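Some notes on the structure that comes next.
The values are calculated or read from the model by the stated rules, or taken from the named source; none is laboratory data. Note that the coordinates shown come from a computational prediction; the quantities given were computed from them, not determined experimentally. Positions of Cβ are generated from backbone atoms using ideal geometry, with glycine treated the same way; all protein chains shown enter the neighbour counts.
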Amino acid sequence: MSSTLIPEELNEGASARVRRLMPTAHQGALDPFVFFDHFHAAPGAGFPNHPHRGFEAITFLLSGELRHADNMGNDAVLHAGEVQAFTAGSGMIHSELAGAEEAVEGLQLWINLAQALKGIAPGYQPPVAPRKVMAAGYEMQLIVGADAPIQLHTPCWIAWLDIAPGECFTPDVPAHWRGFAYVVQGELHSADFARAIGGEGLSLSGAEAVSSPTGVRVLIALGQPHGEPIVMRGPYVD
């Protein structure tokens, strides 16, 4: 059964504000997904140097510019409409800061690594445009999936969708996969009549149809569950 996911509003980093869908007091991980933020940061603000380990992360930028720098020597600027990813693996340190001239808005999702892969070397995938797919009733920017630009160690399908009013969309993924949808604008319904509006989410099963009476801008993430214990300690997923 699908259910509506209500986020928490939090202050994070340096002059950053986030709408956190998971984990919250009411919502834990949706294996393999362990963390999701819709973030806003003032010009020059964001998330100064901090450590991570044990997962992979994807950042999709909605507006502004975000500079990523890490202890592996990577230094890149993510622009609106682009996506980047990193593998924290055995451990890394990075910062993510808005450009000096413009506020920034984006989405960040953490995908758990299987226990057997927790100790792999960290890595970074620099900014790239998602693969655009046009179809009757929707426009899609495919981030992870067949011929998509971002590669993960966990089988996943992740996309940004604009679904037209009155239209339906069914992800082409295995039925046992699990995940969620996060609505940025509009209204989304699941096949079993759960509902989310802008700023809310829906838990989803794989290959579950979603629809919108009004039209919707939404991120959908589905993946193969690891079925392993998830232990989160702040910036670490052990």
Restricting segment 1-24 to residues that are within 17 Å of Pro235 (Cα to Cα) and among the small types (Gly, Ala, Ser), the one surrounded by the fewest Cβ atoms within 10 Å (Cβ to Cβ) turns out to be Ala14
Within segment 53-102, which residues are over 18 Å from the mean Cα position of the chain (by Cα) and charged (D, E, K, R)?
-> Asp70, Asp75, Glu101, Glu102
Flagged in segment 118-156 as outside the structural domain of Val183 (by TED's automatic domain parsing), surrounded by 17 or more Cβ atoms within 10 Å (Cβ to Cβ) and more than 26 Å from Glu65 (Cβ to Cβ), in numbering order, are Lys118
Breaking point among (1) closer than 20 Å to Leu152 by Cα; (2) outside the structural domain of Leu142 (by TED's automatic domain parsing); (3) among the small types (Gly, Ala, Ser), for Gly234 | (1)
Candidates Phe39, Phe55, Phe35 - the one that is farther than 30 Å from Ala175 by Cβ, buried (at least 19 other Cβ atoms within 10 Å of the Cβ), aromatic (Phe, Trp, Tyr) and not assigned by TED's automatic domain parsing to the domain that holds Val210 | Phe39
Report, ordered by the first and then the second residue, all pairs with beta carbons closer than 9 Å, sequence separation of six or more or different chains, a first member in segment 226-238 that is of a type in the set (Phe, Trp, Tyr), and a second member that is at pLDDT 95 or above.
-> Tyr236/Pro51; Tyr236/His52; Tyr236/Arg53; Tyr236/Gly54; Tyr236/Phe55; Tyr236/Ala88; Tyr236/Gly91
Which residue pairs have Cβ atoms under 7 Å apart, sit 6 or more places apart or on different chains, and have a first residue in segment 18-45 that is in contact (Cβ under 8 Å) with a residue 60 or more places away in the chain and a second that is assigned to a loop (DSSP other than H, G, I, E, B) and of a type in the set (Ser, Thr, Tyr)?
-> Pro32/Thr154
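Each row is one residue, and each column tells you yes or no for (1) modelled with pLDDT under 95; (2) under 28 Å from Arg178 (Cβ atoms); (3) outside any strand (DSSP E or B); (4) in the same structural domain as Gly119 (by TED's automatic domain parsing).
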{"position": "Arg19", "(1), (2), (3), (4)": "no, yes, no, yes"}
{"position": "His26", "(1), (2), (3), (4)": "yes, yes, yes, yes"}
{"position": "Ala45", "(1), (2), (3), (4)": "yes, no, no, yes"}
{"position": "Phe60", "(1), (2), (3), (4)": "no, yes, no, yes"}
{"position": "Gly81", "(1), (2), (3), (4)": "no, yes, yes, yes"}
Of all strands (runs of 3 or more DSSP E) fully inside segment 128-226, the set with 1 or more residues that are within 19 Å of Gly81 (Cα to Cα) is 131-135, 138-144, 156-163, 178-190, 216-223
Considering residues that are among the acidic types (Asp, Glu) and either touching a Gly at 6+ places or on another chain (Cβ under 9 Å) or modelled with pLDDT under 95 (or both), the number found within segment 215-238 is 1
Among residues of segment 68-82, those that are surrounded by 17 or more Cβ atoms within 10 Å (Cβ to Cβ) and charged (D, E, K, R), counted | 2
